[in-house]
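Here's the structure we're looking at; comments come further down.
The values are calculated or read from the model by the stated rules, or taken from the named source; none is laboratory data. Computed from a predicted structure; not experimentally measured. Reconstructed Cβ throughout: ideal geometry from the backbone, glycine too, with neighbour counts over all protein chains shown. Heavy atoms of the whole protein, side chains included, go into the accessibility calculation; ligands, DNA and RNA do not. Shrake-Rupley method; radii C 1.70, N 1.55, O 1.52, S 1.80 Å.
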Amino acid sequence: MNLFLNTRITLIIGISCFVHATGFSQQTFKFGKYDLEEIELVNCYYEPDADEVILFHVGISSFANNSLQTYHHLRKKILKEEGKDKANVILRFYHGDDAIESIKIDKAQLVNFENGKEVIYKLSKNEIFEANLPNGYKEIRMAFPNTKEGSIIEYTYEKTDKYLTFIDGWSFQSTSPTLYSRYTIGIPEGMNYNMLTQGAKLTQLRPKPTSNGYYYWELNDLHSIKPEPFLSNAVDYVEKIEFQLSNYQTLSNPGYGARTQELVNVLHTWEKAGDEIRSTSNFNTYLKTKKGQAVIPGVPLDDLKSIYSYVQNNFVATSKNGILPSKTQKDLINSGSGSKADINLLLLSILQSNDIEAYPVLISSKGNGRSNLVKYPFISQFNQLIIKVIINNEPIFLDASEPNLKIGYLSLDNHVNEGFLLDHKKSHLTEINLKHKSGINLLSKISIDKNAYIFEQNIRMSDYEALQFDHYYEGDEDAIKSALAKNNEGEINSFSHISDEEIFKIDLKFTLLEVFDTISTITFVTPLQFKKFENNPFQQEHRAFPIDFNHLFADRYSIVLQLPEGYAFDHKPDNLNVSMQEKEVSFSYKSEQNDKKLTLNILFAINNKIIMPSKYEELKTIFDLIINKLNEPIAIKKI
């Protein structure tokens, strides 16, 4: 079976007999019947700032007429004036040329409660609109009038999906907090699906059976999907369930006599999946280059550096997503632009023509909706293509579609744990291990000259620290000076900025002057003027999703403070050694004093890129201790 297309499936049991499940033992909800608790609800107790709450969203899926039909019932409440725009409901679906998906609204109404009475407004069919979108998508749009704080909105609809190879299933979370979510499905005999769950709660939950052979999952008190510090890809951790068809049974009648059953496998091996991808027409054009053949005539390319540089500088990426090339190799060379997959496959072709071991690798980038790959050969989970080369038995990962990336670096949204390596011998999952030592190394000498502290700073930023710094400031030295001078609270009297061409490395050398009050007998100086965090970024009381630092780092600070005659330290700073219980974050602060010389050696390290929300309180506490210590002033007195 083609991995990219769906086929109509005739099952041994004739699935048209499956209808919506009824008579469940679970909690039931009647349309338009509201209990006192819903009417009196004024906020969501675990997200008190929410302007809307989903009271419940339940769905029942069943198979009929070679399609999956899912009945939705959703009820939500507007909690604040700011939430009134949530009364505009949009339901998007993929229609395509063959009506792959469709949505039919059953009922929709809004109710306000005035003087103890229900004031109901029911949407008519003329107030429900279907809009066409690009690329085969459509939307159902509903706008509920007379929305105010306290309004309850409720609607039911049926979604039909003809694509049975992969079932989207159910997302239990929304952009608003959800008090209760339940999904029920009945899978007919003769169809075997692999169940794919994601989310901290759902992966620990077993499905519950109903009295008529269906199964359901239910979750309570679900946080909203929204940005949080150190997480731009919350969708990758959403509580959801999906289904991948593994095999199904058909009836066949080759001649006269009894009909026989036939088992049809849908879920192939990784090897078979890789062969299918490699054999697609455009993809195959990048694999025909022979060893020693010039892919681009007249351009001498014979080593990794020159090949990578040429492709990176001469071809422009028009899109990032897509695992199949959008054009042939010849068309890409002639046009000079193409997708990320096009450009990286051209890189592959040139590398292989020079006998450099290289492979295409499919990945699911951050924000693609999956925190970990499904261990089945389910191709739709991948959305981007990069290259893996082997040099001196060491793997190096490449992406020539990004103009600012050096060899061995990937953009932060490509920092994933593994990918699908395509090989004509044996395609397989492969680890993506980026061995970089990101961080800040600072050497600082602090002295006093008349009424000013003099900070002589030498800073080296390496790997992704340097990449992010360069990307943010784009080489603007005036902006860099302003940032280093703390927005003119201090004054820079010398400065140099050096960026390495081979690896991401930036060296900064500057002297900062900070004037202090000469009248006071005690002055205070903060020795660490340049650091990653000025404040604790984790201020929320609770955390719904994991913390993603994107990459590991170790910041090292070595500071020497030398006092002249007439000054003395009021006290020596205390040492501090703290870490999370499993060393995900570690910090050490050591001070040594020798008369008028104080030396500080500081190490701040993130040793695990991902920290789960169950450890948020511990992380927040550790960061409070670290940030307070990094900002701790030193008291200096006149004598």
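Working from label points 7 Å from Cα in the Cα-to-Cβ sense, the ALA554 to ILE356 distance is 3.0 nm. Ranked by the mean number of other Cβ atoms within 10 Å of their residues, highest first, the peptides 175-186, 219-230, 410-421 fall in the order 175-186, 410-421, 219-230. Partners of LYS425 within straight-line reach, counting aspartates and glutamates whose Cα lies under 12 Å from its Cα and excluding those fewer than 8 residues away in the same chain: GLU271, ASP275. Of the cross-linked pairs LYS320/LYS426; LYS437/LYS609; LYS33/LYS208, those separated by over 24 Å at the C-alpha level are LYS320/LYS426; LYS33/LYS208.
Using only side-chain charges placed at the Cβ, +1 for Lys and Arg and -1 for Asp and Glu, the dipole size of region 77-198 relative to its Cα centre rounds to 300 debye.
In this simple spin-label approximation, LYS572 and ASN608 carry label points 7 Å from Cα along the Cα→Cβ vector, and these lie 3.5 nm apart. Taking a ≥ b ≥ c as the square roots of the eigenvalues of the alpha-carbon gyration tensor, region 203-352 is classed oblate because a/c is 1.5 or more while a/b is no larger than b/c. Each peptide in 470-480, 625-635, 75-85 was scored by the mean count of other Cβ atoms within 10 Å over its residues; highest first, the order is 75-85, 625-635, 470-480. Quick one: 3J(HN,Hα) in Hz for region 450-461, Karplus 6.51/-1.76/1.60 with θ = phi - 60°, rounded, Gly and Pro as x. Result, rounded to whole Hz: 6, 10, 9, 7, 10, 9, 9, 10, 10, 10, 10, 10. Could you tell me whether the chain comes out rounded, prolate or oblate from its Cα gyration tensor? Rule is a ≥ b ≥ c as square roots of the eigenvalues, rounded for a/c under 1.5, then prolate if a/b exceeds b/c, otherwise oblate. Oblate shape, in that a/c is at least 1.5 and b/c is the bigger or equal ratio. Full extension of the chain between PHE516 and ASN535 gives 4.5 nm of extra length, using 0.36 nm per residue less the Cα-Cα distance.
Among TYR34, TYR248, ASN115, which residue has its Cα furthest toward the positive end of the charge dipole of the chain, with +1 on Lys/Arg Cβ and -1 on Asp/Glu Cβ? Value computed over the given set: TYR248.
If R0 equals 41 Å, the separation of the Cβ atoms of GLU477 and GLU431 corresponds to a calculated FRET efficiency of about 0.55. Once the Cα-Cα distance is subtracted from the 0.36 nm per residue extended length, the GLU618 to SER306 segment shows a gain of 107.6 nm. Computed from Cα atoms, the angle from the helix 270-279 axis to the main principal axis of the chain rounds to 90 degrees. Anything over 31 Å Cα to Cα? Flag those among LYS80/LYS531; LYS162/LYS366; LYS450/LYS572; LYS509/LYS620; LYS240/LYS305; LYS30/LYS240, in the order listed. Going by Cα-Cα distance, LYS80/LYS531; LYS509/LYS620; LYS240/LYS305 fall outside the 31 Å limit. Taking the Cα centre of region 324-366 as origin and assigning +1 to Lys and Arg Cβ atoms and -1 to Asp and Glu Cβ atoms, the resulting dipole is close to 220 debye.
Could you compute the net charge surrounding CYS44? Neighbours are other residues with a C-beta less than 12 Å from the C-beta of CYS44; K and R count +1, D and E count -1.
-2
With a Förster radius of 30 Å applied to the beta-carbon distance between TYR46 and LEU133, the computed FRET efficiency rounds to 0.30. Between the C-alpha center of region 555-624 and that of region 71-100 there is a gap of 49 Å.
How much length would be gained if the chain were fully extended between VAL374 and ARG278, taking 0.36 nm per residue of separation minus their Cα-Cα distance, in nm to one decimal?
Roughly 32.5 nm would be gained on extension.
Within straight-line reach of LYS125, meaning a Cα separation under 19 Å, sit the following aspartates and glutamates at least 8 residues removed in sequence or on another chain: ASP106, GLU139, GLU154, GLU158. Surface composition of the chain: carbon and sulfur make up 48 percent of the accessible area, probe 1.4 Å.
The 3J(HN,Hα) values that the Karplus relation (6.51, -1.76, 1.60; θ = phi - 60°) gives for region 147-157 are, in residue order, 6, 8, 4, x, 5, 10, 10, 9, 7, 10, 7 Hz. Gly and Pro appear as x.
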